[in-house]
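One structure is given here, and the rest of the page talks about it.
The values are calculated or read from the model by the stated rules, or taken from the named source; none is laboratory data. Since the model is a prediction, treat every value here as computed from it, not as a measurement. Neighbour counts are summed over all protein chains in view; Cβ atoms, including those assigned to glycine, are modelled from backbone coordinates with ideal geometry.
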Amino acid sequence: MIKHVIAGISVVLALWASIYMYNSDKEVNKLANIQSLIKRTEIKVHLVKKTTIKKEIQQEQKNSIASKENKKMDDKLKALRNKAGNMAAFKVSPLYKKNCSSCHGATGEGIIGPKLRGKNKEYILKSLKEFKAGTRKNYVMYGLLGNLSDQQLVDLATEIGSFQEKYDKATK
């Protein structure tokens, strides 16, 4: 009988030891998971040399100077665009000056954009509507015409359609 009691106690102790070891393993696994999580979320700090910081500051200063120079050039270009319609052989509307003259010239003679002088109103109006709708591809024209009303397109087409006649009168 004592043997049975000792055997029972041994079984209970072995069972308790197994459960204890199982719980210990769970805790160790939790610790490993926590360490893994810490490694994955670790913030790495890179030390930067003073020369790198100086180079970055110099680059920012250059960018600032370039930005100021670009603004000056933009202002000069804007002034040139405003003058373009007034230095022509004949007067043009502010709408044409603002939207067209910088590319098509003060009197439609063409600069960067094609020559408009000599084209009729219907052709110009059709082209303007196609550019505005995007069916005729030109992103500059699409951008310029996007905010104009249909009446403004008609006004531009009418004005541009009269350029050849105005030019002929002014140069005779």
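So is F90 modelled with pLDDT of 85 or more, surrounded by 13 or more Cβ atoms within 10 Å (Cβ to Cβ) and not hydroxyl-bearing (S, T, Y) or not? Even if it seems obvious, please write down each step before you answer.
Working: modelled with pLDDT of 85 or more: no; surrounded by 13 or more Cβ atoms within 10 Å (Cβ to Cβ): yes; not hydroxyl-bearing (S, T, Y): yes.
Against the criterion (modelled with pLDDT of 85 or more, surrounded by 13 or more Cβ atoms within 10 Å (Cβ to Cβ) and not hydroxyl-bearing (S, T, Y)), F90 does not qualify.
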Query raised in the report: Filtering the stretch 96-112 down to residues that are among the hydrophobic types (A, V, I, L, M, F, W, C) and surrounded by 15 or more Cβ atoms within 10 Å (Cβ to Cβ), which residue is farthest from D74 (Cα to Cα)?
Result: A106
**Report entry** When residues of the stretch 129-156 are limited to those that are over 14 Å from N99 (Cα atoms) and either in contact (Cβ under 8 Å) with a residue 60 or more places away in the chain or among the acidic types (D, E) (or both), the one surrounded by the fewest Cβ atoms within 10 Å (Cβ to Cβ)
**Finding:** D150
Query raised in the report: Residue check: is E159 part of a helix (DSSP H, G or I), loosely packed, with under 14 Cβ neighbours inside 10 Å and not β-branched (V, I, T)?
Result: no
Requested in this report: Report, by residue number, each residue of the stretch 29-47 that is surrounded by 10 or more Cβ atoms within 10 Å (Cβ to Cβ) and at pLDDT below 70.
Outcome: none
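Determine if the stretch 133-140 includes at least one residue that is β-branched (V, I, T) and under 16 Å from G108 (Cβ atoms).
At the first step, the residues of the stretch 133-140 found to be β-branched (V, I, T) are 135, 140.
If we keep only those that are under 16 Å from G108 (Cβ atoms) as well, we get none.
Within the stretch 133-140, none of the residues are β-branched (V, I, T) and under 16 Å from G108 (Cβ atoms).
K119: under 12 Å from I160 (Cβ atoms) and either in a loop (DSSP other than H, G, I, E, B) or in contact with a Ser or Thr (Cβ under 9 Å, 6 or more places away or on another chain) (or both), yes or no?
yes
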Query raised in the report: Can we say I124 is within 28 Å of the chain's Cα centre (by Cα) and among the β-branched types (V, I, T)?
Result: no
